[in-house]
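> Let me begin by handing over the structure; questions about it come next.
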Amino acid sequence: MIICTVFNPAVDVVYRLDGFGLGETRLDVPAHSVPSGKGLNVARVVRTLGEEVAVAGLIPQNDMRRFETFISGQGITPLLYEMPGSARVNVTLADAQAHCVTHVNSMSARLSVTLQEEFLLWLTQRIENGGRWCFSGSLPAGFDGDAYSRVIAECKKKGAVSILDSRGMGFKVGARAAPQVIKPNLEELGDFFDQEIKGVHHIALCAKRFEDMGIDYVFISLGSDGLIAVHGSDCLLCSPPDVKVADTVGCGDATVAGILVAQERGFSFTDTCRMAVACGSSKSMHEGPGIVTREEVWQLMEDVEIKEI
């Protein structure tokens, strides 16, 4: 089974406006809210593509029922560890008049070392041989930077596959534990190597350095330009098809889902790249994270352009 972790959950609130000015008071604004977290976004796409998936999350007590109901309603298995408090709230302001979207993501409350240790123990007890684990998103305040590296090491010890898609210390330390798969973007790549990344060949060289660290599959996200993927002697530039973009939030999570599903099904490296890019493209055509259609993904796979670098 595929298991997606959520270390730093949130409730996303989206307000849709037709024009917005600082200092204004707006009444009766259309809005909706939904439980979120990068791992949950990944899991939703995995489930849409037809694979069994679970979410293993650290969920605040005041929002537990809401998260559990939402996750179960998506056909996803909830494996939830309760902690005190309430989930952080992320706000999105979608201004139709200005054709722009503004995101305000809140910081989580600082968690104790004791809670970290209890959650990591609970999590590692659920790792089994043959599982496929996705560690994505930021680590909550108070967690040590090596939290991801510890669970990645446990996956390797027990014969489970791990993929890492994080930022900051979570990625820097986690990548050094050599998960089987990583998916940094250009900013995270430059941050890891402490240098400005210039051009396709520089990106490819950095990806090869990750391989030298023992990471089997490296997918470097290029945003709307697709991704560069490295495995063994293959180094591929994968360009997405032209689509009508509605919302880019969650495209990276959909890309991770495509990698997970393709590898779970034993796809070739090239077809894994095609599915990853197609999932990101399908997500961009829909508003809200975690939303793709299976039919679109299969169709878009045919239009992904692959070139050797």
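The values are calculated or read from the model by the stated rules, or taken from the named source; none is laboratory data. Predicted model only: the values in this text are computed from it and were never measured. No Cβ is skipped: glycine too gets one built from the backbone with ideal geometry, and neighbour counts run over all protein chains shown. The area values use the complete protein model at the heavy-atom level, side chains included, leaving out ligands, DNA and RNA. Shrake-Rupley method; radii C 1.70, N 1.55, O 1.52, S 1.80 Å.
> Give me the residue from segment 226-250 that is open to solvent by less than 30 Å² (accessible area, probe 1.4 Å), of a type outside the set (Gly, Ala, Ser) and in contact with a strand residue (DSSP E or B) (Cβ under 6 Å, 6 or more places away or on another chain) and, out of that set, farthest from His286 (Cα to Cα).
Ranking the qualifying residues of segment 226-250, first place goes to Val230.
> Return yes when Val101 is open to solvent by 70 Å² or more (accessible area, probe 1.4 Å), over 21 Å from Gln263 (Cα atoms), touching a Ser or Thr at 6+ places or on another chain (Cβ under 8 Å) and not in a loop (DSSP other than H, G, I, E, B) and no when it is not. Break it down into steps so the answer makes sense when it comes.
Working: open to solvent by 70 Å² or more (accessible area, probe 1.4 Å): yes; over 21 Å from Gln263 (Cα atoms): yes; touching a Ser or Thr at 6+ places or on another chain (Cβ under 8 Å): yes; not in a loop (DSSP other than H, G, I, E, B): yes.
Answer is yes for this residue.
> In addition: Determine, yes or no, whether Gly258 is in contact (Cβ under 8 Å) with a residue 24 or more places away in the chain, open to solvent by less than 40 Å² (accessible area, probe 1.4 Å) and closer than 12 Å to Pro240 by Cβ. Please lay out each step first, then the result.
Details: in contact (Cβ under 8 Å) with a residue 24 or more places away in the chain: yes; open to solvent by less than 40 Å² (accessible area, probe 1.4 Å): yes; closer than 12 Å to Pro240 by Cβ: yes.
Yes, satisfied.
> Please verify whether segment 122-129 includes one or more residues that are over 29 Å from Gly50 (Cβ atoms) and either open to solvent by less than 50 Å² (accessible area, probe 1.4 Å) or in a loop (DSSP other than H, G, I, E, B) (or both). Full working, then the answer.
Filtering segment 122-129 down to residues over 29 Å from Gly50 (Cβ atoms) leaves none.
So far as segment 122-129 goes, no, none of its residues is over 29 Å from Gly50 (Cβ atoms) and either open to solvent by less than 50 Å² (accessible area, probe 1.4 Å) or in a loop (DSSP other than H, G, I, E, B) (or both).
> Name the pairs whose Cβ atoms lie under 6 Å apart, with the first residue in segment 101-125 and at pLDDT below 90 and of a type outside the set (A, V, I, L, M, F, W, C), the second surrounded by 15 or more Cβ atoms within 10 Å (Cβ to Cβ) and part of a strand (DSSP E or B), and 6 or more positions between them or separate chains?
Matching pairs, first to second residue: Thr102/Leu93; His103/Thr92; Asn105/Asn90; Ser106/Arg88; Ser108/Arg88.
> Ok, one more. For segment 51-65, indicate whether the set of residues that are open to solvent by less than 80 Å² (accessible area, probe 1.4 Å), part of a helix (DSSP H, G or I) and under 27 Å from Val113 (Cβ atoms) is non-empty.
In the first step, residues of segment 51-65 are kept if they are open to solvent by less than 80 Å² (accessible area, probe 1.4 Å); the result is 51, 53-60, 63-64.
Among the residues that remain, those that are also part of a helix (DSSP H, G or I) are: 63-64.
So of that shortlist, the ones also under 27 Å from Val113 (Cβ atoms) come out as 63-64.
Taking every residue of segment 51-65 in turn, at least one turns out to be open to solvent by less than 80 Å² (accessible area, probe 1.4 Å), part of a helix (DSSP H, G or I) and under 27 Å from Val113 (Cβ atoms).
> Given the residues Ser282, Ser233, which is the only one that is out of contact with any helix residue (DSSP H, G or I) (no Cβ under 9 Å at 6 or more places or on another chain) and either over 22 Å from Ile182 (Cβ atoms) or modelled with pLDDT under 95 (or both)? Steps first, please.
Details: Ser282 fails: out of contact with any helix residue (DSSP H, G or I) (no Cβ under 9 Å at 6 or more places or on another chain).
From the options Ser282, Ser233, the qualifying one is Ser233.
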